[in-house]
Amino acid sequence: MIDGMEYKPGPEEARVREKLRSVSSPEAEFAFRERLKREFTSGSFIERGVVVSLPPPRRGRRMRWVTGLAAAASVAIVAAALNEPPQWTALPTAGSGSVVVNGVSLPVGNSAELTRRLRPGSRLLLRSTQDLDLVSSGLLAMQLSPGTELTLPSPPGRWFGRHARASVDRGLVRVTTGKNFDGARLAITTPEATVHVTGTTLAVIAEAAGTCVCVLEGTAHVRPHRGTMTRVHPGRQCEVSRGDGASKLGDMREAERPKLLDLRDRLQSVMN
């Protein structure tokens, strides 16, 4: 019916309808009808899941992240390797005796084995008849006198990790810095004070009376463990007394001047 009027199909449409009515319905297979009958009677219809294929995972963004992280890690590894400073080298000495490195006694004349065992943070005790020179090429040189006991610092890195720390429990250590030390800092701790080195040639003496710092060139800053910072200029010294921690400025010890000059001049080719 259309708007109350009976709909009459055209000749072509009537012919199509007649053909559709004459088509017989497809008959289900016998096995299918029997299975459906059993499931209906027992009420145990089997739920048949529909498998829907999922689109393949999008790997583009994840791969970009993985590639970026790998590149960043590679840059960090290369930067760390290039920042690595020259390690400590023990120079040959005319003295006889031994060096105790982390509790292991080594002949002072065996420079190769001594160099192999020198690591930042190593504890050294020099039992020798002569001084011993330790060098990180272009950065830092330390000369130990017989009887000196210290903790070896890490040479400052080229770009980062430029602050180093050492300690002198007793004895005498002479220090001179090289051209690559510019911008770095070294802190040397004694029982009475901490000596801050930023580029200089100096001696740090830890003795029974206290600590004495003699500066040949450059400037050092001495901070007693109980007191204020004192600036020490070339040709001067600062003494910090054991016990009360009082500091006193004066002229550097004359005995140290030629030894500091010799250390600086003799190692110029290595340090500069």
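We did not get these values from a lab; they are worked out from the coordinates using the rules stated. Given the structure is predicted, the values throughout are model-derived calculations rather than measurements. Backbone-built Cβ (ideal geometry, glycine too); neighbour counts: all protein chains shown.
Quick look at the numbers
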{"quantity": "About the Cα centre, charge dipole magnitude for segment 157-226 (Lys/Arg +1, Asp/Glu -1 at Cβ), debye", "calculated": "260"}
{"quantity": "Loop trypsin sites (Lys or Arg not before Pro), segment 193-259 (other Cβ atoms within 10 Å of the site Cβ: 16 or fewer; DSSP)", "calculated": "Arg226, Arg242, Arg253"}
{"quantity": "Projected-area average for segment 167-272 over all orientations - Cα convex hull basis, square nanometres", "calculated": "6.1"}
{"quantity": "Inter-site label distance for Arg231 and Arg17 at 7 Å from Cα along Cβ, in nm", "calculated": "11.3"}
{"quantity": "Cβ-placed point charges (K, R +1; D, E -1), dipole of segment 213-271 about Cα centre in debye, nearest 20", "calculated": "200"}
{"quantity": "Scattering curve values for segment 105-237, log₁₀ I(q)/I(0), Debye with Cα scatterers, q = 0.18 Å⁻¹", "calculated": "-1.00"}
{"quantity": "Cα principal axis extents for segment 150-216, largest first, Å", "calculated": "39, 22, 14"}
